[in-house]
């Protein structure tokens with residue numbers, strides 16, 4: 001029993017010595033590592049240079065125009081101001097004169113008998129003359145070219161004729177034809193051949209020619225009548241009967 005206890009004490013003493021030696025060895029190694037770490041020289045590395053911060057553009061109100069445009073409650077949401085331009089006023093074309101006929105003679109420029117309105121005073125006009133706002137550009141046996149405000153209008157003479165006047169004069173023309181037929185069978189009286197100066201203006205209108213006069217509407221004087229040296233001549237044209245007073249040679 002005593003021997004076993006001695007062996008156990010020797011084993012415990014050996015174990016204790018081994019543990020002390022192990023702790024001593026680890027402590028020496030740890031101390032050596034600490035000394036090696038503390039004696040190590042650290043290489044100094046320069047600090048990296050800091051890059052400058054990006055520069056920001058100054059604030060401008062125009063950059064926020066989209067915000068105002070998308071704001072339904074902003075008064076200036078539409079920067080494009082639309083100015084209403086009044087369309088140019090179109091000058092109305094004046095009424096065309098009323099045609100009474102056209103006078104054509106050899107060696108004489110054509111003369112068109114016109115009046116400004118129905119029932120108005122008649123007068124003969126040649127190319128270049130003016131009636132109201134219109135200027136006569138050219139005249140022939142079928143067309144009259146009017147000039148107004150830098151524009152030209154070509155109109156047929158039969159389009160400008162006053163048809164209502166022809167309808168109203170039809171009964172008077174029939175009566176005048178009957179009276180002319182009766183007068184042709186009878187001997188002409190001196191009064192039928194020569195009328196007084198007091199009523200000569202009731203039979204013709206001035207057409208701008210010295211040797212010719214135009215007939216007035218409703219003139220029932222018989223063909224061949226001579227008044228103050230002018231003889232009434234009635235001829236047929238594509239537009240109906242043409243009446244004129246020619247100077248007796």
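Coordinate-derived values only; no laboratory data. Here the structure is a predicted model, which is why all the values come from computation and not from measurement. No Cβ is skipped: glycine too gets one built from the backbone with ideal geometry, and neighbour counts run over all protein chains shown.
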Problem - Separation of the residue 56 and residue 93 label points, Cα + 7 Å toward Cβ, nm - result: 7.0 nm
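Compute the Cα gyration tensor for segment 1-101, then decide on rounded, prolate or oblate, letting a ≥ b ≥ c be the square roots of its eigenvalues: rounded whenever a/c is under 1.5, prolate when a/b is larger than b/c in the other cases, and oblate in all that remain.
It comes out prolate by the Cα gyration axes.
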Handout entry: Residues of segment 81-100 with amide N under 19 Å of the 7 Å Cα→Cβ point at residue 153
Key = 89-100
